[in-house]
1. Please give the contour-minus-distance gain from residue B:19 to residue B:42: 0.36 nm per residue of separation, less the Cα-Cα distance, rounded to one decimal in nm.
2. Answer with one residue from B:104, B:26, B:126: the one whose Cα lies farthest towards the positive end of the charge dipole of region B:2-126, charges on Cβ with Lys, Arg +1 and Asp, Glu -1.
3. Is there a pair in A:128/A:196; B:195/B:308; B:13/B:128 whose C-alpha atoms are over 22 Å apart, and which pairs would that be?
4. Rank A:177, A:362, A:35 by how far each Cα sits towards the positive end of the charge dipole of the protein assembly as shown (+1 on Lys, Arg Cβ; -1 on Asp, Glu Cβ) and give me just the farthest.
5. Got the relative contact order for region A:65-218 handy, in percent, Cα pairs under 8 Å and 6 or more residues apart?
6. Please give the Cα centre distance for region B:314-371 versus region A:224-257, rounded to the nearest Å.
7. Looking at chain A, send over the antiparallel percent of its DSSP beta bridges, to the nearest 5.
8. Just to confirm a number: summing +1 for Lys and Arg and -1 for Asp and Glu over residues other than residue A:153 whose beta-carbon lies under 11 angstrom from that of residue A:153, what do you get?
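The values are calculated or read from the model by the stated rules, or taken from the named source; none is laboratory data. It should be emphasised that the depicted structure is a prediction, and the values quoted were computed from it without experimental measurement. Here Cβ is always computed from backbone atoms with ideal geometry, including for glycine, and neighbour counts include all displayed protein chains. Note: areas computed on protein heavy atoms with side chains; ligands, DNA, RNA excluded. Shrake-Rupley method; radii C 1.70, N 1.55, O 1.52, S 1.80 Å.
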2 protein chains.
Amino acid sequence: MKHVICAECVKCKKKYEAAPNLTTCVCGGVTDILYDYEYIRFLLSKNALSDCRDMSMWRYRPFLPVEDATPAPPLRVGWSPLYDAGRLAREIGVKELKIKDDGLNPTSSLKDRASSVAVAKAFEAGAKTIACASTGNAASSLAGNAAAAGMKSVIFVPSRAPSGKIAQLLIFGAVVISVDGTYAECFRLSAEAVKKYGWYDRSAAVNPYLSEGKKTVSFEIAEQSGFAVPDYVAVSVGDGCTIAGIWKGFKDMFASGCIERLPRLISVQAEGCRPINRAAETGLPPEPSEENTTADSIAVGIPRNADKAINAIKEANGLTVDVSDGEISEAMKILGQTSGVFGEPAGVAGTAGLIKAAKNGLIEKNARVVSVVTGNGLKDTASALRAAGNPISIPPDTGALEKIFPIRDA
Amino acid sequence: MKHVICAECVKCKKKYEAAPNLTTCVCGGVTDILYDYEYIRFLLSKNALSDCRDMSMWRYRPFLPVEDATPAPPLRVGWSPLYDAGRLAREIGVKELKIKDDGLNPTSSLKDRASSVAVAKAFEAGAKTIACASTGNAASSLAGNAAAAGMKSVIFVPSRAPSGKIAQLLIFGAVVISVDGTYAECFRLSAEAVKKYGWYDRSAAVNPYLSEGKKTVSFEIAEQSGFAVPDYVAVSVGDGCTIAGIWKGFKDMFASGCIERLPRLISVQAEGCRPINRAAETGLPPEPSEENTTADSIAVGIPRNADKAINAIKEANGLTVDVSDGEISEAMKILGQTSGVFGEPAGVAGTAGLIKAAKNGLIEKNARVVSVVTGNGLKDTASALRAAGNPISIPPDTGALEKIFPIRDA
């Protein structure tokens, strides 16, 4: 990998060769991939991108930490739509709002970006089985991307994960271990199994390549906006890997000369589970938190990528916003009704935080904002039904109809 | 619309002006849109397409029955991936199999293609409200596409529709009328309401523009295959509108000179609801059928586009295949495990039929086949769970793990 210099511990700055199965530093810190941006400038430019017909995250291959010979995994991940949400922008009082609908990825979440890179690195490592612990989306994305690439997957999920996510895993042929415990216990068991059985580890806690996949969402936001970087990017935060990846993506593009400025980040957590926001606000190390929110994908009491996430929030002069489950439900409805985008609770938490930030005057009225919707609402229809209420039930006759619509062209 | 000549009744051949709110013929037949292909040749070519950066169904605008000034609706519909399913091809014994994953559309089904055109035509008609009766996907696609375009939608659904689909409707802000009756009763009530309240009618039974939207899936299959048309295209059939649209798409491309041959169609219905296949086989008019299948999107006992569908099967020298619910479940698993594609029951019925046709020697071993997956499996996770079984539940300790994986690198 000529374009990759090495990996570096985010804590102690110790350097490592960027081997396919690199995990955490001896000090326990997560590692980060460092690039040769001068070399990348030769491989990639705005012009080259405008000619590129690969409408997937792999159009940014010069920015991805894989060998030239490594095949891009089969599922078409990325290049999700960036919608202009003009009505919602007016409603909440910002100049411009765009919605990046990452629920339209192959397994319906942003995590496909990470899993696509994980499958590529597992291929380089010569592994036949990939494992991870996940509250759901990381798992289903791994299962789907591994299946398409002809690899096996073993998934550890906490027993509370919604049935839609479990169904996906099983249909993709994953071996699914439902652990009657917390996410932390799932994680520990997965780590033990990886060590014991020699599987490739797709846990965002230890694998430095996952946020490298996730960063492609920022490349797309930049390119789909004509490289005019927004003032703010709002995103929901659970484990911390996604916001870290988003920040890395903008930094990569900036370092390579594709964009001329960096956005501020809005880090949104649930009120009932906000260890990263708390740490970012206080400057103290993150403390284990309760996991009290219906937004299951961000109910992560012990975030494993807290360091990367907190650094990202700090470097990006970021805002931290906490939202209630009620505010998340409300955002789900507003987003659907004004933009035709259906996000899962954790997926729209970023939008909920943005709405709250705008309402509280934390962002300027002339701001240009992007909200990343990280997962599809079909993943958790029970939450959607709670948010949206019930249909109007009637018997099949005209009289019943007239009671609902008494006048012409209602 | 310079490229549109007129509309024509598929039954009595009476011609009509292609007005935005055109419905059925006075004789009761559905109408079909006729194009000026000589004119279209000026507007569109293989070269022009290869330069086109609009990665949505609207890249084929010269083939769509809309005015030049009509804006394309906001949601990014179409340009779904066409995957090479090599392992599945070998498994079922055909030379080449490609999977068109139309579950990755904005509201997760192929119906978005029809609804996108419906919203455009409603705009031309000056309507503010669009209505339809649907078992689910047509409805959610209408609700989402209408919401994004700032239009109201009123949806009549039979009370048996899965909750995932209802949740989508409500989140998109549709007025949802759940009718305690059959699809036929839903349909009747919707038609009455449209007439009474002056809404735009998105029922596939009467609106000739919907199959014009659906045909774009064939344009994409052709273009994504480098204009090398497959020998067979397999698709599930309910109301009949989709298979009619698919055939129209290939005929359009052929008439305009973009492709040099036409594929054969494989029309797949559920054993418990096969009025179109029965009619195509016997040559007799379709008879009302029971609706006995878990594949709810194709449980249409009185198909309203039977004429267009039967004509398509006839013209395409098509095969008819009926599949059991068990075969549909099996196809769901095989597709997920070999290709990483998660389809809903009706969505994978086409694949089930293709597998059955190959097994029974109905298609040649050297055939090149495309199977269209019409809807995302997340729409009906209960069916997926029934098909896929349950995860392995364990307490959070290593001993439990060793019982499942007794050896290293399982």
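1. 5.9 nm
2. B:104
3. B:195/B:308; B:13/B:128
4. Result: A:35, furthest along the dipole toward the positive end.
5. 24
6. A separation of 41 Å, based on Cα centres.
7. 30
8. Every neighbour counted, the sum reads +3.
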